[in-house]
1. Which percent of Cα pairs goes in each bin when the distances of region 86-213 are cut into 10 angstrom slices starting at zero?
2. What are the residues whose amide H is under 5 Å from the amide H of Thr84, where those residues sit 5 or more places off or on another chain and H is modelled from the backbone?
3. Mind listing the phi-derived Karplus ³J(HN,Hα) values for region 80-96, rounded to whole Hz, using 6.51, -1.76 and 1.60 with θ = phi - 60°, and x for any glycine or proline?
4. With a 1.4 Å probe and all protein chains kept in place, how do Leu99, Leu140, Leu114 rank by accessible area, largest first?
5. Where the centre of each part is set by its Cα atoms, how far does region 192-213 sit from region 120-169, in angstrom?
6. Place +1 on the Cβ of every Lys and Arg and -1 on the Cβ of every Asp and Glu in region 92-213, take the dipole about the Cα centre, and give the residue among Thr131, Gly148, Ile199 whose Cα lies farthest towards its positive end.
7. Could you size up the charge dipole of region 54-213 around its Cα centre, putting +1 on the beta carbon of Lys and Arg and -1 on that of Asp and Glu, and report it in debye to the nearest 20?
8. In degrees between 0 and 90, to the nearest 10, how far off the longest principal axis of the chain does helix 4-23 point, with axes built from Cα atoms?
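The values are calculated or read from the model by the stated rules, or taken from the named source; none is laboratory data. Computed from a predicted model, the values in this text were never measured in an experiment. When we count neighbours, we look across all protein chains shown, and the Cβ atoms used for this are built from the backbone with ideal geometry, even at glycine. Side chains included, ligands, DNA and RNA excluded: accessible areas come from the protein's heavy atoms. Shrake-Rupley method; radii C 1.70, N 1.55, O 1.52, S 1.80 Å.
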Amino acid sequence: MRNPIAKAALALTGATAALALSAAPALAAPTTWTVGPTSPVGFAATSTNTVLSLNGIPVTCPTATAGGSLFNATGNPAHVGNITAAAFGSTARPCTSPLGPVRPITRVVPPWRLMATNYTPATTTTTGFITGINAQLTVLTCTFDVVGQVHVTYRNSTGILSVSNNATRQLTVANASAGCAGITANGDHPTFTGSYRVIGPVGGTTSPTIVGV
């Protein structure tokens, strides 16, 4: 027979551990955001691997650029940056797809907004999203808009901004022309992926930082 005193001690130990776990405070979401080396700081970003995938059709851009400014902010989500310039492809290196060349035109008035929601000190990584995205794409006789949001992570230690989509942060097709039949339709959700090397201040060689506490 088990010693009743030992049995009681074991039960008390389990209850104490459960109480300690339940009482442990959850980590608070950051509400104070500081950018470096100064605020505001202008930035320029470049990528060589952006891909917009639409109904299984990849639109690949061998070059993409973005620019704007980062600034201190409070709140969560916090508005820590504006993208005031963005381009995909170039005359010499256009965006392509299995259907032929693709001509993207970005609309950055009003600016696309960089929002921060979480910061991981161990990896110096800010998680957030870009909202207000608005661009028009043309392939063959099909013209359509892509609007909405993308999920992003930015790592201070590398200066890399990674872009993707998830169930919460989505892009949506709008204003599809008649020539888009069989290619895309209003309400479709393309996915966008890519990684950007960010430099700031503009003209420098180092990357800006974003820290949330």
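1. Final binned percentages: 12, 36, 33, 15, 4, 0.
2. Gly67, Gly68, Ser69
3. Once θ is set to phi - 60°, the couplings for region 80-96 become 9, x, 10, 9, 10, 8, 7, 8, 10, x, 8, 4, 7, 9, x, 6, 10 Hz.
4. Leu140, Leu99, Leu114
5. 14
6. Highest projection toward the positive end goes to Ile199.
7. Dipole about the Cα centre, nearest 20: 220 debye.
8. Once rounded, the angle reads 30 degrees.
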